[in-house]
Amino acid sequence: MKWHRIKALMTRHLYLYQRSIPRLMDIFFWPTMTLLLWGFVSEYLQQSNFSGSVNIVTVLLGAIILWEILSEGQHSLSVAFLEDIWERNLLNIFVTPLKISEFLASTALLGVIRVFLVGIVMGVVALFAYSFNLFSLGFYIIPFAFNLIFFGWILGLIITAVILRFGTSAQVLAFGIMFLVQPFTAVFYPVSILPKYIQYISYALPSTYVFEGLRAVVNTGHFLNSYFLISVGLNIIYLALALWFFYRMFARVKKNGMLTKLDS
Amino acid sequence: MAIVEIKNLVKRFDKFVAVNDVSFEIQEGETLGLLGPNGAGKTTTIQALLDLVTPTSGSIKIFGKEISENRSEILGQINFSSPYVALPGNLKVWENLSIFAGLYGIKNPKQKIEELAEIFKIKDLLPKMTSNLSTGQMTRLNLTKAMLNDPKLLLLDEPTSSLDPDIADKYRKLLKKIQKERNLTILYTSHNMLEIEEICDRVIFLNKGKITDNGTPQQLIKKYGRKDLNDVFLAIARET
Ligand SMILES: Nc1ncnc2c1ncn2[C@@H]1O[C@H](COP(=O)(O)OP(=O)(O)O)[C@@H](O)[C@H]1O
Ligand SMILES: [Mg+2]
């Protein structure tokens with residue numbers, strides 16, 4: 001891997017963001033709106049005493065911020081790839097010495113930057129609008145966020161491979177996949193609420209352990225080391241599978257000639 | 001020295017044979033025209049050279065090395081341009097060029113871009129949005145991108161197909177000039193016989209994936225007893 005190539009690809013997106021209002025809104029506006037929505041919901045629940053002894057603001061706001069981190073990780077990888085398809089630039093990129101690993105590394109780093117910005121925006125809004133301090137969760141927020149970015153990136157990788165395979169008709173997945181994951185990964189409610197057979201799916205998702213872990217920290221003050229390790233372990237397994245799948249799909253589209261036709 | 005050596009290249013898409021047992025070489029400093037009707041397999045051949053398409057069988061060596069095994073190294077020393085591949089319209093011209101300079105690992109990107117912008121007369125376009133360029137300007141930008149890494153081998157897929165005759169003529173003159181100055185090796189596809197006659201040292205006729213003839217434009221015109229390459233093309237295309 002060569003840093004100058006990774007950097008060049010990242011620069012491409014930074015140039016773009018400077019003057020693209022929709023892309024800046026992705027980072028600054030929509031996360032704020034989401035946070036405000038859930039902030040009002042939690043205030044309402046708190047005031048109406050629905051919540052009993054649970055600290056509803058912390059549970060919901062903490063959950064929504066972590067959720068945005070997960071979806072941002074997925075989104076930034078998939079969209080980074082789609083940008084080049086939309087602009088019919090894919091071939092120019094792939095006739096340079098760029099390696100797939102460098103392409104993926106650049107999207108991963110870009111994802112980390114975006115997640116960091118979204119995290120700051122939401123953290124600040126939560127602090128001022130609802131006096132919710134993200135770091136009241138302690139520095140556990142860091143291992144939580146790490147696992148979520150990791151899993152989000154894996155999902156993005158899988159979606160990108162599917163787009164390679166099925167072409168741009170599959171691009172809706174880049175925007176829709178997270179709605180498919182959300183109910184299963186127990187963002188706002190504990191896994192125990194779910195029907196038994198759905199719980200199996202939940203526990204197969206690395207993100208579930210983060211959201212369960214978040215509630216454990218809020219309720220008991222304890223960080224569940226075992227949950228953290230399971231989450232990392234699952235992520236590593238899925239990463240290996242997703243990379244295998246991506247490289248396979250890439251080889252496939254080079255064979256059937258679809259790589260050069262993705263953008264036409 | 002042969003810059004490109006293609007031996008028995010076959011590319012099948014399912015049962016359809018797009019490139020059928022094609023072998024040829026390109027010598028250093030040579031401009032080779034790949035000529036043939038639509039669907040002859042020109043683009044597929046170029047894409048195989050760029051490792052964008054995996055051949056079904058056969059061998060492709062560039063600078064004496066198999067492309068599939070030395071992809072990154074070889075791609076650093078060659079470049080490609082085609083009007084069917086765009087540079088992102090939502091970036092400024094200089095941004096696009098500096099990104100590709102980065103991808104190619106150019107030492108002094110700013111200096112290189114200014115130097116090339118001078119040659120290809122796009123200096124005043126550098127601060128513009130790429131989407132605002134005219135087709136002619138876009139072609140010059142594509143060529144500038146293609147020269148960023150000082151390639152030894154340039155693959156041009158129908159570079160003039162979207163240009164009006166006047167601009168196409170200017171493009172060919174410019175290309176010829178830099179070809180001479182840098183002793184560039186060029187593979188050029190087109191179905192415009194006149195331009196092939198003008199800039200190519202040698203021509204390969206491709207039809208339905210097969211090489212049907214090859215030689216210098218003069219040799220072919222003589223061999224078929226025609227007045228120009230256009231008539232030769234018609235003769236070859238219609239007899240097979
Ligand atoms: N990915 C693909 N799948 C199936 N057929 C293809 C594919 N790419 C090219 N072909 C076919 O291969 C033939 C050669 O195409 P191409 O190399 O683009 O021709 P040319 O550039 O000479 O016009 C055409 O008949 C085309 O339809
Ligand atoms: Mg073609």
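Would you confirm whether any residue within region B:64-85 is under 13 Å from B:Asp157 (Cα atoms), in a strand (DSSP E or B) and more than 16 Å from ligand 1 (Cβ to nearest atom)?
Yes; the residues of region B:64-85 include at least one that is under 13 Å from B:Asp157 (Cα atoms), in a strand (DSSP E or B) and more than 16 Å from ligand 1 (Cβ to nearest atom).
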Tell me, which residue of region A:2-48 that is touching a Lys or Arg at 6+ places or on another chain (Cβ under 7 Å) and among the hydrophobic types (A, V, I, L, M, F, W, C) is farthest from the other protein chains (Cβ to nearest Cβ)? A:Ile27
Per the list (1) assigned by TED's automatic domain parsing to the domain that holds B:Ile204; (2) touching a Gly at 6+ places or on another chain (Cβ under 8 Å); (3) free of Cβ contacts under 8 Å to residues at least 60 places away in the same chain, residue check on B:Gly105 breaks on (1)
Out of region B:19-40, which residues are within 14 Å of ligand 1 (Cβ to nearest atom) and either open to solvent by less than 10 Å² (accessible area, probe 1.4 Å) or of a type in the set (D, E, K, R) (or both)? B:Val19, B:Val22, B:Gly33, B:Leu34, B:Leu35, B:Gly36, B:Ala40
Any chance you could count how many residues in region A:146-167 are of a type outside the set (A, V, I, L, M, F, W, C) and in contact with a Leu (Cβ under 7 Å, 6 or more places away or on another chain)? 4
Considering region B:86-114 alone, what residues qualify as being more than 7 Å from chain A (Cβ to nearest Cβ) and assigned to a loop (DSSP other than H, G, I, E, B)? B:Ile106, B:Lys107, B:Asn108
Which numbered condition B:Pro83 misses (of (1) in contact (Cβ under 8 Å) with a residue 24 or more places away in the chain; (2) buried (at least 20 other Cβ atoms within 10 Å of the Cβ)): (2)
Could you tell me which of the residues B:Lys176, B:Lys222, B:Lys210 is within 16 Å of ligand 1 (Cβ to nearest atom), of a type in the set (Lys, Arg) and either touching a residue at least 40 places away in the same chain (Cβ under 8 Å) or surrounded by fewer than 16 Cβ atoms within 10 Å (Cβ to Cβ) (or both)? B:Lys210
Would you check if B:Asn79 is more than 10 Å from chain A (Cβ to nearest Cβ) and at pLDDT 95 or above? no
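The values are calculated or read from the model by the stated rules, or taken from the named source; none is laboratory data. Everything numeric in this text was worked out from a predicted model, so none of it was measured. In this analysis, Cβ positions are derived from the backbone assuming ideal geometry, glycine residues included, and neighbour counts consider all displayed protein chains. Heads up: the accessible areas ignore ligands, DNA and RNA and are worked out on the full protein's heavy atoms, side chains in. Shrake-Rupley method; radii C 1.70, N 1.55, O 1.52, S 1.80 Å.
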